[in-house]
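Below is one structure; the comments refer to it alone.
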Amino acid sequence: MQMWWAFLLLSLLPMSRSFYVPGVAPRNFHDGDVVDIKAVKLTSSRTQLPYEYYSLPFCKPKKVFYKGENLGEVLRGDRIVNTLYNVEMSKDKKCELVCEKRKLNIDESKLMAERIQEEYYVHLIADNLPVATRLEYPSREGGEEEDQKKDTIKDVQFEHGYRLGFFDKNKFYLHNHLSFILYFHKEKLVEGDLHDYRVVRFEVIPRSVKVEDLKPAEALKTCTLPELSGSAAQEIDPTKENEVLFTYSVHWEESEVKWASRWDTYLTMSDVQIHWFSIVNSSRSLDDHCLLPLHVYGVGAAFICLKLIKEL
């Protein structure tokens, strides 16, 4: 009888569709609680090959912890890992160092420049929410009256992650400063209890700022973020060593969006979430690409056969 049930399950496999709902259970934070910022991966729509976060020379903790992966995360190429970003609920930070000043050797500089040229994006998460870059465009609807208000009325769009850097006039520039904007929703307060905060949006504004313009105070792990018009960008020259400083700032805002609706913004974005090539990251040949679905089905079939053997 058990054999028949097993074969019935096997026959229904092609008809089933799995889905992944991140952050199913809400997590409550109190004022000052640590909100972990974790890295997920690097992706590019040009290469379709995801890489893990620390494949590039970012600031790295002494102890690196990778989250256990489920099948959905494997197929998407996710390698969720801890970072050195220190974020606390409802606590703003003007400018802080992620780590000490770093000198990239020639190989690291060349790799960083290559990833920038391939238009790679960096993906982070906070409380299971992926970071998004806000893009604002002047609104052109409504004729002349709206054109006169184009400085104040803007169309807002979001894209997953943030660009690693940019290429301009045959030079590579790294986004080495991240301005995090996190939104929280205050839950109703029961008399005598502390406020419960829930993270409902995670945005980032990436900037490229030269080391000297950041004026780091390494003893205090702080820096000074210059005005946009008063700073030079952080260039990465792939032919030599480059001195780099990774910094970040944090700003919190209260939101009326409830936890149950926090994914609405992200679901409107267009993005390819499943990266089949992550299973054999190092392979680029056409033959390997064609065999990938067979590999997946093979693993599933082997798993079911082992279960059947145990039942017999």
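Couple of notes before you dig in:
- Theoretical gain in end-to-end length, residue 221 to residue 55 [0.36 nm per residue, Cα-Cα removed]: 57.3 nm
- Between residue 88 and residue 163, residue separation times 0.36 nm minus the direct Cα-Cα distance comes to 24.6 nm.
- Heavy-atom accessible area, probed at 1.4 angstrom with all protein chains present, ranks 264, 33 as 264, 33, highest first.
- Taking 0.36 nm per residue of separation and subtracting the current Cα-Cα distance, fully stretching the chain between residue 205 and residue 36 would add 59.0 nm.
- Cβ-Cβ FRET estimate between residue 267 and residue 195, R0 fixed at 22 Å, reported to 0.05: 0.20
- Put simply, the amide H of residue 200, placed in the peptide plane, has neighbours under 5 Å in 183, 184, 185, leaving out anything fewer than 5 places away on its chain.
- In this view, the solvent-accessible surface of residue 172, computed with a 1.4 Å probe and all protein chains in place, comes to about 30 Å².
- Taking all protein chains as they are arranged and a probe of 1.4 Å, the heavy atoms of residue 134 leave approximately 80 Å² accessible to solvent.
- Entries in 62/188; 101/171; 60/186; 101/240 that, when Cα-Cα distance is taken, lie over 28 Å: 62/188; 60/186
- The largest-to-smallest principal axis extents of the Cα set in the stretch 215-257 are 49, 26, 20 Å.
- Overall form of the stretch 160-218 per C-alpha gyration tensor (a/c, 1.5; a/b vs b/c): oblate
- Within the stretch 30-119, the chymotrypsin sites (Phe, Trp or Tyr not before Pro) that combine a DSSP coil assignment with at most 14 other C-beta atoms in a 10 angstrom radius are 65.
The values are calculated or read from the model by the stated rules, or taken from the named source; none is laboratory data. These figures come from a predicted structure and were not determined experimentally. Don't worry about glycine lacking a Cβ; one is built from the backbone with ideal geometry, like all the others, and counts go over all protein chains shown. These area figures cover heavy atoms from the full protein model, side chains too; ligands, DNA and RNA do not enter into them. Shrake-Rupley method; radii C 1.70, N 1.55, O 1.52, S 1.80 Å.
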